[in-house]
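Data first, discussion second: the structure below is written as structure tokens.
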């Protein structure tokens with residue numbers, strides 16, 4: 001697991017050897033988690049509202065290049 005960013009409400013991580021499509025994990029402080037596709041920031045799984053994901057999705061939109069590069073590094 002590679003923590004990419006810690007935000008006030010959540011942590012964004014990527015895992016080595018993870019499955020396609022390229023995605024990141026958002027874990028809230030209460031332990032709930034969602035998987036979000038890097039390319040279009042759609043939620044692949046998890047039961048977290050868009051409101052609760054707003055900060056993570058905004059950060060991901062601004063840092064999509066970083067997320068893609070880190071995905072390629074961890075999942076060659």
- Task: Taking residue 14 as meeting all but one of (1) touching a strand residue (DSSP E or B) at 6+ places or on another chain (Cβ under 6 Å); (2) exposed (fewer than 14 other Cβ atoms within 10 Å of the Cβ), write down the number of the exception.
- Result: (2)
- Within the range 17-39, the residues that are in contact with a helix residue (DSSP H, G or I) (Cβ under 7 Å, 6 or more places away or on another chain) and either outside any strand (DSSP E or B) or over 15 Å from residue 3 (Cα atoms) (or both) are 22, 38
- Task: Might you check whether a residue that is at positive phi and over 10 Å from the mean Cα position of the chain (by Cα) occurs anywhere in the range 19-38?
- Result: yes
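Yes or no, residue by residue, for (1) within 12 Å of residue 12 (Cα to Cα); (2) touching a strand residue (DSSP E or B) at 6+ places or on another chain (Cβ under 6 Å); (3) surrounded by fewer than 11 Cβ atoms within 10 Å (Cβ to Cβ):
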site	(1), (2), (3)
25	yes, yes, no
29	yes, no, yes
35	yes, yes, no
43	no, yes, no
52	no, no, no
55	yes, no, no
65	no, no, yes
68	no, no, no
- Task: Residue by residue through the range 2-16, note down the ones that are closer than 13 Å to residue 59 by Cβ and not in a strand (DSSP E or B).
- Result: 7, 8, 9
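Computed from the coordinates by the stated procedures, all read-outs in this text should not be read as laboratory data. Note that the structure is a prediction, hence the values are computed from the model and not measured. Backbone-built Cβ (ideal geometry, glycine too); neighbour counts: all protein chains shown.
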